[in-house]
Each structure stands twice: as C-alpha cells, then as structure tokens.
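J.: Sharing a structure, written as structure tokens. Questions coming.
Throughout, read-outs are computed from the coordinates displayed, never taken from laboratory work. Here the structure is a predicted model, which means the values were calculated and not measured. FYI the Cβ positions are ideal-geometry reconstructions off the backbone, even for glycines, and counts take in every protein chain you see.
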Amino acid sequence: IKKIGVMTSGGDSPGMNAAIRSVVRTCAFYKIECAGIYRGYQGMIEGDFISLDARSVKGIINKGGTFLKSARSNEFRTKEGRQKAYDALIAANIDALVVIGGDGTFTGALIFNQEFNFPVMGIPGTIDNDITGTSHTLGYDTTLNTVVDVIDKIRDTASSHNRLFFVEVMGRDVGHIALNAGVGAGAEEILIPEEDLGLDRLLESLKRSKESGKSSSIVVVAEGDKIGKNVFELKDYVEENLPEYEVRVSVLGHMQRGGSPSCFDRVLASRMGVKAVESLLEGQSNLMVGLLNEKMSVTPLDKAIKGQSKINKELIRVSDIMST
Ligand code: F6P
C-alpha cells in the first residue's frame, strides 16, 4: 500500500477531525501518502481529493464537525456510481481506504470491497453509539457531556417554575444517549426504544413523584422511543391526565452533534486512526477498529453493522432505582 484515502461520511460527530488527523499522521509516520476525500462517497465519485501531509492537519484535534465535510450519496448506491468512484481512486493512485462514519458508511464500504476487492477499514464515528464491536463510537462521549450540560440548565428553569420537562435527545433507533445522559443528569424517567415503559407506568411514576414531594421533573425521551406518542403529544397527554403538572418540551436537535470533542473522544480518535492504518499495512481489510475492554480491537465490518443491541440493562435498573 502506497497511498491511503480517508473520508468522513453520514452524520458528522465530534472527534472526526481528530481521527482524520491521526490517519494522516500515521501515514506520514510510515512514509506513505495520504489523500483526503471531500464529501464522503459523493466526493469519491467526483474525484474531489486533496493531498494531506502531517502539517495539513495541524490545529484540528479540538474542532467539532469534519473539515473533509460529509454527505449522504445516492449515486454511490448505484453500480455506475461505484464504478466512477473506483476509477477516480485508481486515477489518483489511491490503493486503500479508511472510512469514518456509521452503519450506512460501512455498508457502502463492504459493497465496494466486494465489487472491486478494494482494501477498506472502518472507524466508527457517530454520536448514536449504535455500532457493535466498540464500547464507544467517536463523538458519543462528547454528546453525552453536551446533553448532560444542557439538561442541568433546563433543570434550573424547571425547578424555578415547578415544571415537568420532556427533553428529546438524538440516537436514531437506539437509546444510548438518552439512558446515559439521563442517568448522568438525574432524570426522573428515561424513555428508550429498547424498553417500552408504557403510558400507564409513565403516568403512575409521575404521580408518585409528585406525591413524594418533588416539585419539578425531567423526563429524557430518546427520539426513537416506542411509547407511541411524540414529545408534544406526551405533553398534552400528561397535562390532560395529571392537571397538577405544568409541562414544557425541549427538543435538543443538532446542537448535540456539534462542539469541541471531549478528551476521551480525542484520545479514542487518535488510537483508532493508528490502528486503522496499521491494520491496512498488515494486509487486513473489511474490518472496523474499536475499543473493547480498554484495548484497540478489530471486528468484521458486517458484524459491526448487524450486531446485537449493546444497551446496558444494569444501567436501566440503576435508573429505575435512582428515580425512587
Ligand atoms: O446518526 C446521527 C444522527 O444525529 C441521529 O442521532 C439522528 O437521528 C440523525 O443523525 C439526524 O440526521 P440528519 O442530520 O440528517 O437530520
């Protein structure tokens, strides 16, 4: 391998820049070339590349987002699109890829490898933490800290007005952000897709909470939860059934994806970049690097995508006990 291409794809996450930096500097360390690919698979199709050396990634370890930009490409879903991408890589002498993203990114990489036998290595970058083969995806820790910080602020106003707040957080189909940030911020209830609390139990719990003397409450709701009502409908439902509550809703949205990465994410990104490049240089492919039991490890890309839920049942129990 003489030249590695690196790109970010799908939803951005804090730590992606730090991971690009690590890939570029590891290439420089091993004296091989590195090319940045702009706008994920779409930039690959269009041959939108930039040559990167160790100095071109200075001053980005602390920056949120991704300077290579990200995109979701429909053209790459077609055989013709992937052929164009392959031709562009070959024309630029790129002979291996590090893709930083989530399951959509990895699915694209796998198909590309099957069609062209092109070496690919994945780095899990998504705030959702919905990838098997790593305890943490890049950006997840930063997002947890951001969400906890915001909920602390919401609690200030909630308690000043004796109000109940439904706070909706991201996570797509999984409840990692909601569960962990919810426990960290001391939420009274946490609604996640992996465990449907049900409307009756939610009402009972809120009733009990009021009776026990609590004047304000925070309920964290994962965007993918299965309770059957969105946060605004939940507000109406609770106000109808428990008129003693004054309810407000706060949907945190994309602010959860921004901001300077935490130290944890910067360190993780640095480790993952090194592992990804070294694995390619060892002749490995179709793997995702991850953090398991504190150590860098690799998992086949197809297993990383189709893995089992890694929601922590013990943490669900802790959350139940804490809301007593
Ligand atoms: O996968 C990251 C994520 O932020 C999810 O939590 C969320 O459901 C989705 O992306 C939002 O996507 P978009 O940025 O396209 O609105």
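J.: Looking at the chain, what % of the alpha carbon pairs are farther apart than 38 Å?
T.: 23 percent
J.: I would also like to ask the following. Under 17 Å from the 7 Å Cα→Cβ point of TYR30, by amide nitrogen: which residues of the stretch 283-310?
T.: Residues 283-290, 296-299 fall inside that zone.
J.: So for the stretch 213-324, considering every pair of alpha-carbon atoms, how many percent are separated by more than 19 Å?
T.: The proportion of pairs with Cα distances above 19 Å equals 69 percent.
J.: Filter the cross-link list LYS63/LYS306; LYS2/LYS63; LYS210/LYS313; LYS2/LYS275; LYS153/LYS226 down to pairs whose alpha-carbon distance in this structure exceeds 21 Å.
T.: LYS63/LYS306; LYS2/LYS63; LYS210/LYS313; LYS153/LYS226
J.: State the extension gain, in nm to one decimal, for the chain segment bounded by MET255 and TYR86, taking 0.36 nm per residue of separation less the distance between their alpha-carbons.
T.: Gain on extension, MET255 to TYR86, equals 57.3 nm.
J.: If I fit a long axis through the Cα atoms of helix 231-241 and take the longest principal axis of the Cα atoms of the chain, what angle between them do I get, 0 to 90°, rounded to 10?
T.: Compared with the principal axis, the helix lies near 10 degrees.
J.: Further question on the same structure: How far apart, in nm, are the 7 Å Cα→Cβ label points at ASP236 and ASN312?
T.: 3.7 nm
J.: For the stretch 38-100, I need the span (max minus min coordinate) of the C-alpha atoms along each principal axis, in Å, sorted largest to smallest.
T.: 38, 24, 15
J.: Using a simple spin-label model with points 7 Å from Cα along the Cα→Cβ vector, what separation in nm is obtained for SER159 and ASN62?
T.: Spacing of the two 7 Å Cα→Cβ label points: 3.2 nm.
J.: Taking the Cα atoms of the stretch 63-188, what is the range of coordinates along each of the three principal axes, in descending order and whole Å?
T.: Principal axes ranked by extent give 63, 25, 25 Å for the Cα atoms.
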